[in-house]
Amino acid sequence: MTPKRTVIELLALKLSGEATPADLSELEALMAESPESVYHEELLKQLFAGKEEEEEDLDNEYYYNLHRLKYQDKLVFAEQNVTAFNHFKVSKYLVAACSLILITIITGLFVYKSKNQASTTVYNTEVISGQATRKRVVLPDGTQVWLNSDSKLAYDKDMTKRITRNVHLTGEAFFDVTHNKSHPFIITTDKITVRVLGTAFNIRAYAKDKKTETTLIRGSIALTVNDRKTEPVILKPHEKFALINHKQKAGTLQTVAPVTMMIEQVLPVKLAGKEYTEEVSWVDNQLVFNNEVFEELIPKLERWYNVKINIQNDKVGAYHFTGLFIHEDLKGALTALKSVKPFNFKIKEHDVTIY
């Protein structure tokens with residue numbers, strides 16, 4: 001069985017001009033599975049470009065040695081005892097050897113560049129979507145972003161001139177990223193970092209929520225948890241990643257709060273004969289919730305209606321609800337919930353008491 005080759009090996013073949021159509025097809029498939037491999041391609045191009053510039057300054061002896069290596073199976077040189085090799089094998093072994101060396105070099109360069117870019121990332125433009133407000137923003141590269149209520153997006157107005165297109169999100173946003181193979185799009189939140197080339201997905205990362213979620217609609221993304229040394233999580237279309245933060249137990253010696261990482265399939269919610277995608281329904285001004293605990297639904301209602309809700313009854317807080325709000329005002333929404341499970345409520349300006 002032929003061993004599976006890495007992206008590095010196939011890129012080396014491509015850039016050296018020795019890749020076959022089958023090699024290129026295999027490379028394209030691997031890169032589609034791993035968006036972060038665009039960094040490898042970019043760095044390899046720079047390394048090969050640097051090599052070409054360096055060759056211009058080499059002396060005749062270097063070219064003579066190259067000539068001898070290329071034609072050693074056809075010509076006899078003054079210095080004998082040179083074993084002739086098949087050119088294909090030489091290239092194959094050279095590529096393999098170079099690949100091993102380049103893996104080390106690229107890893108170092110990637111880490112260096114990541115650290116360097118992280119320390120110099122500029123966020124000079126900020127868009128804020130207040131409570132009960134949703135906004136659509138078009139970034140300088142053409143990427144469309146829908147900001148949910150109580151959310152903030154910071155970005156560099158000159159992102160098209162940078163190696164990577166960096167933005168920082170607080171809250172929730174749906175991204176439809178303009179594809180640019182040479183300039184990956186990177187979204188950073190307090191908990192996670194997402195790297196993409198061109199795709200559509202939703203990120204919910206509110207500071208007060210115990211759960212941070214990323215839902216992929218199309219394309220592919222590579223996701224990492226900021227404070228944990230783990231391999232990137234690669235999501236496929238209609239998959240959802242959830243990072244759940246748990247409270248530390250009193251008296252424990254843990255230095256890092258325990259978390260749960262989950263990947264789930266995104267399933268439609270069926271309501272009144274129609275199907276809705278709960279995770280992105282808000283983009284169409286629809287608040288969809290599926291078997292949601294009332295306590296966890298409360299923050300969504302607070303942001304949606306710009307109110308503060310206080311539940312005084314633990315039993316009520318444990319209720320589960322499934323539903324859809326489109327045009328309902330706050331009173332209408334609470335009345336609808338009350339018709340499903342018994343509770344009472346009082347509304348006083350922007351404060352709501354549930355008992």
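The values are calculated or read from the model by the stated rules, or taken from the named source; none is laboratory data. The shown structure was predicted, so the numbers you read here are calculated from the model rather than taken from an experiment. Cβ: placed from backbone, ideal geometry, glycine included. Neighbour counts: every protein chain shown. Calculation scope for accessible area: heavy atoms of the full protein, side chains included, ligands and nucleic acids excluded. Shrake-Rupley method; radii C 1.70, N 1.55, O 1.52, S 1.80 Å.
About its Cα centre, the stretch 296-341 has a charge dipole of approximately 80 debye under the convention of +1 per Lys or Arg Cβ and -1 per Asp or Glu Cβ, with nothing else charged.
MET262 contributes an accessible area of around 70 Å² to the protein surface, as traced by a 1.4 Å probe with all chains present. Against the criterion of solvent-accessible heavy-atom surface with a 1.4 angstrom probe, TYR123, TYR305 sort, most first, into TYR123, TYR305. Ligands, DNA and RNA excluded, the heavy atoms of LYS315 present near 150 Å² of accessible surface to a 1.4 Å solvent probe. Remark: for residue pairs LYS210/LYS348; LYS135/LYS240; LYS308/LYS346; LYS300/LYS348; LYS210/LYS236; LYS157/LYS240, the C-alpha separation exceeds 21 Å in LYS210/LYS348; LYS135/LYS240; LYS210/LYS236; LYS157/LYS240. Ligands, DNA and RNA excluded, the heavy atoms of GLU9 present near 60 Å² of accessible surface to a 1.4 Å solvent probe.
Any idea what the relative contact order of the stretch 275-322 is, in percent, if you count C-alpha pairs under 8 Å spaced at least 6 apart?
RCO, the stretch 275-322: 42 percent.
Applying 1/(1 + (r/R0)^6) with R0 = 22 Å to the Cβ-Cβ distance of ASN285 and ILE263 gives a FRET efficiency near 0.20. In order along the stretch 212-228, the phi-based Karplus estimate (6.51 cos²θ - 1.76 cosθ + 1.60, θ = phi - 60°) of 3J(HN,Hα) comes to 10, 10, 10, 10, 9, 9, 8, x, 8, 9, 10, 10, 10, 8, 4, 9, 10 Hz; Gly and Pro are listed as x. Surface analysis of the stretch 144-258 yields an accessible area of 47 Å² per residue, using protein heavy atoms and a 1.4 Å probe.
List the residues of the stretch 196-215 whose backbone N lies under 15 Å from a point placed 7 Å from the Cα of ASP227 along the Cα-to-Cβ direction. Residues 207-212 qualify, since their backbone N sits under 15 Å from the label point. Note on LYS236 and ASP329: their simple-model spin labels are 4.8 nm apart, each label 7 Å out from Cα toward Cβ.
Counting every alpha-carbon pair across the stretch 259-355, the share separated by more than 21 Å comes to 34%.
Near VAL137, the amide H atoms lying under 5 Å from its own belong to VAL145, TRP146, LEU147; only residues 5 or more places off or on other chains count, and H is placed 1.01 Å from N. For the stretch 213-355, the relative contact order comes to 16 percent (Cα pairs under 8 Å, sequence separation of at least 6). 3J(HN,Hα) couplings calculated from phi for the stretch 185-198 with the Karplus curve 6.51 cos²θ - 1.76 cosθ + 1.60 (θ = phi - 60°) are, in sequence order, 9, 10, 10, 10, 10, 5, 10, 9, 10, 10, 10, 9, 9, x Hz; Gly and Pro show x. Ordered from largest to smallest accessible area (heavy atoms of protein chains, 1.4 Å probe), the residues ASP329, ASP176, ASP156 come out as ASP329, ASP176, ASP156. Taking 0.36 nm per residue of separation and subtracting the current Cα-Cα distance, fully stretching the chain between GLN144 and LYS211 would add 21.7 nm.
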